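*Asks:* Sending over a structure as structure tokens; questions will come in a sec.
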Amino acid sequence: MSKMQKYLIGIAAACVLFFGFVIVRIGIAQPNDNSVKLAQISHENYAHLGKEAYKDAYPLEYNSYMKNNLGGASPTGYGGSDPGKSYIEMQPEILENFKGYKFSVQYDVARGHTWAGVDQLNSQRIPPQKGNCIVCKGSWMYDKWYKESGWDFASKPFMDATPPFTNKDTVEGTDLYFGCSSCHDPDTMELRVYQQGFVESMAMKGIDISQASHNEMRSYVCGQCHNEYYFMKEDGRVRHPFIGGWEPEEQFQWYQSGQAGGFTQDWVHPDSKTLMLKAQHPDFEIWKTSVHADAGVTCVDCHMPYMRESGKKYTSHWMTSPLKTVEESCLKCHDESKETLIARVKTIHDNNYKLQRTAGQTVARAHLAVKAAMDAGATDDQLAGIRLKLREAQWYWDWVAAENGNGFHNPDKCMRISGEAIDLGHQVIEEANALIKGSL
């Protein structure tokens, strides 16, 4: 065989390998980005509002969603969804700050979405709550109650409004809690916002949810529940103070201005006799002014990244710490190593947690300082301004402490807010002590 013949055979062999790969890749094992086909889901016994009915139609999404059953902290050591992991045990200052309120009885780290029914039905905080407590536990609130009679369910006893269940201790027995229909229209599988309090509040802010882009919906479907809210005293419906602004200072002013209607406080603190607000998880507001939001990065991009299995592309429905899927969630955009990126996030978590704890401890001492002033004979008139500062200080501390990102969603903002809580807490302590000394 001549040298030329060997050369031609080599080229032919290379062509066979190359085009063979192309044919196999495109024709046999191609990535299937259109793998999600619309399926008809049974409406019998409200199966379309649960999870199990979607199991065979959308196996990749369903199987990843059921991974929310898993526990374990993030790689930084924060968060995690293990049963009975108590904030009260980790942050004892909570006992003083939420004294007289149910959050001083039980306040556990939230578990994955699949546990929504189990954890709510077994919560020590439920009695004597109303039907509005089911609003973010699944679309039963909308597809059953709201379509039938608007917000009437919000004022019903909790057990009269809650979705049916067969076993309150298992994910399977609470199938009608937080399922696919919480984020998808069960007939079209398009993203949807079912939470009508969010829809109404956004409208009051001048934002029409029905006109939202697909990318905006990738944050709205999460933001509809991951936000600060209150129940209107007039009819129990859910309302959001972000109508007044995304910042905690603006939301505090919303409550102070009377625009929250008859709602003025969540409870009265038994030691300081201060009218208190309980912040809920303002994840949406904190993200809304973050560098990721400015770059168009949504909740779904980080917490529900695209994955591949058997050549099929799908969206992960395991809504967990992005650091557990760091290659797919973070390294698609960031060029640091996995180890460097996790270490960077851990530094943010450590710094945020340290300042947040200092803020909480300062607020706890502020309650006791006001109590001491009362015991020494300080009058309500003398304490009015001090109590207002205490209410605001705890609001800022709680706004950061209740957020699920441990400061990462917006590090600069969280550090600033904790700092404001510390400053106000010290002002309360100094002014209350001055009353005792007779120098104010």
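The values are calculated or read from the model by the stated rules, or taken from the named source; none is laboratory data. Source: prediction; values computed, not measured. Every residue, glycine as well, gets a Cβ built from its backbone with ideal geometry; the counts of neighbours run over all protein chains shown. When the accessible area is computed, the model is the full protein with side chains, heavy atoms only, and any ligands, DNA or RNA have been set aside. Shrake-Rupley method; radii C 1.70, N 1.55, O 1.52, S 1.80 Å.
*Asks:* Give me the accessible area per residue for the chain, probe 1.4 Å, as a whole number in Å². Show your work: numbers first, answer last.
*Replies:* Values: 21010 Å² over 440 residues.
That works out to 48 Å² per residue.
*Asks:* For segment 186-251, treating each Cα as an identical point scatterer without solvent, what Debye log10 I(q)/I(0) comes out at q = 0.14, 0.16 1/Å?
*Replies:* -0.43, -0.55
*Asks:* How large is the translational diffusion coefficient of segment 372-440 in µm² per second when you combine the Kirkwood radius over alpha carbon pairs with Stokes-Einstein at 37 °C and 0.692 mPa s?
*Replies:* Numbers: Rh = 13.1 Å.
The calculation lands on 251 µm²/s.
*Asks:* Using the Karplus curve 6.51 cos²θ - 1.76 cosθ + 1.60 with θ = phi - 60°, what ³J(HN,Hα) values do you get for each residue of segment 279-286, in whole Hz, with x for Gly and Pro?
*Replies:* Along segment 279-286, the couplings run 6, 9, 6, x, 4, 5, 5, 5 Hz.
*Asks:* OK, next. From a point 7 Å beyond the Cα of Glu430 in the direction of its Cβ, which residues of segment 352-390 have a backbone N at a distance under 15 Å?
*Replies:* 366, 386, 389-390
*Asks:* Taking springs between alpha-carbon atoms closer than 10 angstrom, which of Asp56, Asp301, Asp271 fluctuates most in the Gaussian network model of the chain?
*Replies:* Asp56
*Asks:* Now for a separate question. For segment 236-284 and segment 392-440, what is the separation of their C-alpha centers, rounded to whole Å?
*Replies:* Cα centroid to Cα centroid, the span is 16 Å.
*Asks:* Ratio of segment 284-440's C-alpha Rg to 2.2 N^0.38 Å, to two decimals? Present the calculation step by step, with values, prior to reporting the outcome.
*Replies:* Details: Rg = 21.4 Å, N = 157, 2.2 N^0.38 = 15.0 Å.
Scaled against compact globular proteins, the figure is 1.42.
*Asks:* Okay, moving on. At most 16 other Cβ atoms within 10 Å and a DSSP loop assignment: could you name the trypsin sites (Lys or Arg not before Pro) in segment 250-300 that fit? Intermediate values should be presented prior to the final figure.
*Replies:* Numbers: sites: Lys273, Lys278, Lys288; in loops: Lys273, Lys278.
Loop-located and lightly packed - Lys273.
*Asks:* Below 8 Å, C-alpha to C-alpha, sequence gap of six or more: please give me the relative contact order for the chain in percent. Don't skip to the end; give the middle numbers.
*Replies:* Details: 666 pairs, mean separation 69.4, N = 440.
Contact order relative to length: 16 percent.
*Asks:* Taking the alpha-carbon distance from Lys85 and a cut-off under 14 Å, which aspartates and glutamates remain once sequence neighbours fewer than 8 residues away in the same chain are dropped?
*Replies:* Cross-link targets: Asp108, Asp119.
*Asks:* What full-extension length gain, to one decimal in nm, is calculated for Glu44 and Gln265 as 0.36 nm per residue of separation minus the Cα-Cα distance? Kindly include the intermediate steps, with their values, before the conclusion.
*Replies:* On the way: separation 221, 0.36 × 221 = 79.56 nm, distance 4.19 nm.
Contour length minus Cα-Cα distance gives 75.4 nm.
*Asks:* Now, a different point. Would you work out the relative contact order for segment 203-343, in percent, from Cα pairs under 8 angstrom that are 6 or more residues apart?
*Replies:* Numbers: 145 pairs, mean separation 25.7, N = 141.
Relative contact order comes out at 18 percent.
*Asks:* If I stretch the segment between Lys273 and Asp187 completely, what's the gain in nm (0.36 nm per residue apart, minus their alpha carbon distance), one decimal? It would help to have the intermediate numbers written out before the result.
*Replies:* Values: separation 86, 0.36 × 86 = 30.96 nm, distance 5.10 nm.
Additional length available on full extension: 25.9 nm.
*Asks:* Report the extension gain between Ala203 and Glu52 in nm, rounded to one decimal, defined as 0.36 nm multiplied by the number of residues separating them, less their alpha carbon distance. If you can, show how the numbers build up before the last one.
*Replies:* Details: separation 151, 0.36 × 151 = 54.36 nm, distance 3.37 nm.
Residue separation times 0.36 nm, minus the Cα-Cα distance, leaves 51.0 nm.
*Asks:* Next question, about the same structure. Using only Cα atoms, figure out Rg for segment 127-248 and give it as a multiple of 2.2 N^0.38 Å. Intermediate results must be reported in sequence, preceding the final value.
*Replies:* Values: Rg = 14.6 Å, N = 122, 2.2 N^0.38 = 13.7 Å.
Compared with the compact-globule rule of thumb, segment 127-248 sits at 1.07.
*Asks:* With N set to the residue count of the chain, report its C-alpha Rg divided by 2.2 N^0.38 Å to two decimal places.
*Replies:* Values: Rg = 25.8 Å, N = 440, 2.2 N^0.38 = 22.2 Å.
The reported ratio for this selection is 1.16.
*Asks:* With the crude spin-label approximation of a point 7 Å out along Cα→Cβ, what separation in nm comes out for Gln382 versus Glu328?
*Replies:* It is 6.2 nm.
*Asks:* Taking the Cβ of Thr340 as the center, what net charge do the other residues with Cβ under 15 Å away carry, scoring Lys and Arg +1 and Asp and Glu -1?
*Replies:* Working: positive: Lys338, Arg344, Lys346; negative: Glu327, Asp335, Glu336, Glu339.
Cβ neighbours under 15 Å give a net charge of -1.
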